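K.L.:
I'd like to ask you about the structure that follows.
A short reminder: the numbers here are calculations on the coordinates, not readings from a lab. Treat the numbers as computed from the prediction; the structure is a model and nothing was measured. With ideal geometry, Cβ positions are generated from the backbone for all residues, glycine too; neighbour counts draw on all protein chains shown.
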Protein chains: 2
Amino acid sequence: MTLQKDPIERLVKAFGTLPGIGEKSALRLTYHLLRSQPEKGLELSAAISDVLNNVRRCQECQTFTTADLCPICQDESRDKSTICVVEQVQDMLAIERSHFYRGLFHVLHGAISPIDGVGPEALTIDSLIKRLEKGQVSELIIATNTDTGGETTALYIARLAAPYVNKVTRLASGLPRGGYLEYVDSATLGAALKFRHDL
Amino acid sequence: MTLQKDPIERLVKAFGTLPGIGEKSALRLTYHLLRSQPEKGLELSAAISDVLNNVRRCQECQTFTTADLCPICQDESRDKSTICVVEQVQDMLAIERSHFYRGLFHVLHGAISPIDGVGPEALTIDSLIKRLEKGQVSELIIATNTDTGGETTALYIARLAAPYVNKVTRLASGLPRGGYLEYVDSATLGAALKFRHDL
């Protein structure tokens with residue numbers, strides 16, 4: 001017989017390791033599953049196993065996928081001369097939703113953050129450079145976040161990528177579309193002024 | 001071969017059925033598990049199964065427990081002449097943390113809410129009345145929430161319980177301890193005035 005701690009405490013602890021879920025939320029989720037039909041919990045449990053067993057990283061862009069190559073890397077109609085570098089898969093999905101981009105992606109799975117012990121080697125920068133070395137990419141668009149980690153990562157990658165591509169670009173900063181100027185923070189307003197363009 | 005939908009979509013959907021987790025959070029949790037060590041997801045999956053297989057309701061107070069009776073109902077030192085009725089297990093834990101109560105509990109697992117299709121029969125009111133019928137309880141403290149559902153449930157239970165107990169009480173409403181009067185909402189302030197006591 002194994003020494004087993006209380007199953008409720010165990011699940012509360014397991015939920016609590018997830019990002020954005022504190023002790024109270026973890027308790028609430030646990031009791032919710034206990035009050036629901038067992039099928040709900042069984043499905044969640046099975047779905048987690050399914051993801052762990054069947055999802056891997058795309059060999060090219062490193063996004064999560066069930067095949068060797070993700071649908072975007074497999075898509076012959078995408079512009080293979082442009083790679084857009086993002087921190088997370090969610091960022092890639094956000095850009096896809098905009099319908100403004102037809103090139104390929106590269107997912108870093110994070111940003112450089114010395115304070116959290118995340119160095120460049122923890123990201124997928126090596127495999128990005130290997131893709132660039134093939135010489136088929138002319139523009140690298142760096143779409144990391146605009147916080148310190150994202151900016152550091154952008155500069156780091158820009159330097160490494162420079163020998164292999166014609167240009168390295170960064171997403172513009174400025175006013176949100178359909179937004180009100182008075183609610184825009186000073187740093188963003190500063191960027192909007194600095195990068196103002198002719199009308 | 002079974003027709004299987006995408007494992008990522010499946011897990012996002014499963015997370016999304018949990019309370020307080022919308023589509024964005026569900027995506028974030030899914031990608032978090034994919035980026036983490038597999039042990040983390042395996043533990044969560046196993047913990048859910050563990051809870052579903054080994055946790056049931058206390059035969060007396062209906063709280064979640066791994067035995068026939070919960071530790072509180074098993075505790076001979078508790079005052080068995082008082083039952084405190086709460087909506088959720090979390091409410092019971094909150095009262096326990098206050099260290100002001102030494103009686104027993106009864107967990108309703110919800111509140112009457114016609115708008116959500118929750119009638120009295122969906123709660124554990126039947127088993128509460130069965131406990132009261134034994135004639136050992138003199139005071140029933142109704143500690144349901146102070147929203148419409150909680151108040152309705154309190155009145156409903158008070159009427160049913162009246163024949164079996166000496167008194168049915170309700171938790172006091174009033175100012176929070178250590179709080180500032182100016183931040184207290186009008187309804188609470190009204191209750192604090194109405195139930196003011198001599199000093």
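K.L.:
If you average the sequence gap of Cα pairs under 8 Å that are 6 or more apart and divide by the length of chain A, what percent do you get for the contact order?
P.N.:
13
K.L.:
Please give, to one decimal in nm, the separation of the simple spin-label points placed at A:Y101 and A:N53, each 7 Å out from Cα toward the Cβ.
P.N.:
Rounded to a tenth, the inter-label distance reads 3.3 nm.
K.L.:
When the Cα centres of the stretch B:96-129 and the stretch A:123-178 are compared, how far apart do they sit, in Å?
P.N.:
Cα centroid to Cα centroid, the span is 57 Å.
K.L.:
Which chain A residue comes nearest the axis with its C-beta when you rotate A onto B, and by how many angstrom?
P.N.:
A:S45, 2
K.L.:
Give me A:H106, A:H99 ranked fewest to most by other Cβ atoms within 10 Å of their Cβ, as a rough exposure proxy. Walk me through the numbers before you get to the answer.
P.N.:
Numbers: A:H106 26, A:H99 7.
Starting with the residue having the fewest Cβ neighbours, the order is A:H99, A:H106.
K.L.:
Would you please put B:20-27, A:62-69 in order of how densely packed they are, using the mean number of other Cβ atoms within 10 angstrom per residue and starting with the highest?
P.N.:
A:62-69, B:20-27
K.L.:
Another question, if that's okay. Can you tell me, using C-alpha contacts under 8 Å and at least 6 residues apart, the relative contact order of the stretch B:7-54 as a whole percent?
P.N.:
So the answer I get is 26 percent.
K.L.:
Based on other C-beta atoms within 10 Å, arrange A:Y101, B:Y31 from fewest to most.
P.N.:
A:Y101, B:Y31
K.L.:
A follow-up question, please. B:L175 label points, 7 Å along Cα→Cβ, one per copy: pairwise distances from this copy to the rest in nm, shortest first?
P.N.:
4.9
K.L.:
Considering the alpha-carbon set of the stretch A:69-170 alone, what are its Rg and its Dmax in angstrom?
P.N.:
Reported Rg and Dmax, both Å: 13.0, 41.
K.L.:
Work out, step by step, the length gained on full extension between A:R35 and A:R196: first 0.36 nm times the residue separation, then minus their alpha carbon distance; give nm to one decimal. Please list the in-between numbers first.
P.N.:
On the way: separation 161, 0.36 × 161 = 57.96 nm, distance 5.59 nm.
This chain segment gains 52.4 nm when fully extended.
K.L.:
Continuing with the same structure: Which cross-chain or sequence-distant (5 or more) residues have an amide H under 5 Å from the amide H of A:I142, H modelled 1.01 Å from N in plane?
P.N.:
Correct list: A:V85, A:T169, A:R170, A:L171.
K.L.:
At A:L199, label 7 Å along Cα→Cβ: distances to the other copies, nm, ascending?
P.N.:
In nanometres, ordered from closest: 6.4.
K.L.:
Put a point 7 Å out from Cα along the line to Cβ at A:D126; what are the distances to that point in the other copies, in nm, shortest first?
P.N.:
Label-point distances to the other copies, shortest first: 6.3 nm.
K.L.:
Quick one: net charge of A:N145's neighbours, Cβ under 10 Å, K/R +1, D/E -1?
P.N.:
Counting the neighbours of A:N145, the net charge comes to -4.
K.L.:
Please arrange A:T148, A:T30, B:T188 by counting, for each residue, the other beta carbons lying within 10 Å of its beta carbon, fewest first.
P.N.:
A:T148, B:T188, A:T30
K.L.:
Quick check: net charge around A:S25, other residues with Cβ under 14 Å of its Cβ, Lys/Arg +1 and Asp/Glu -1?
P.N.:
The answer is +3.
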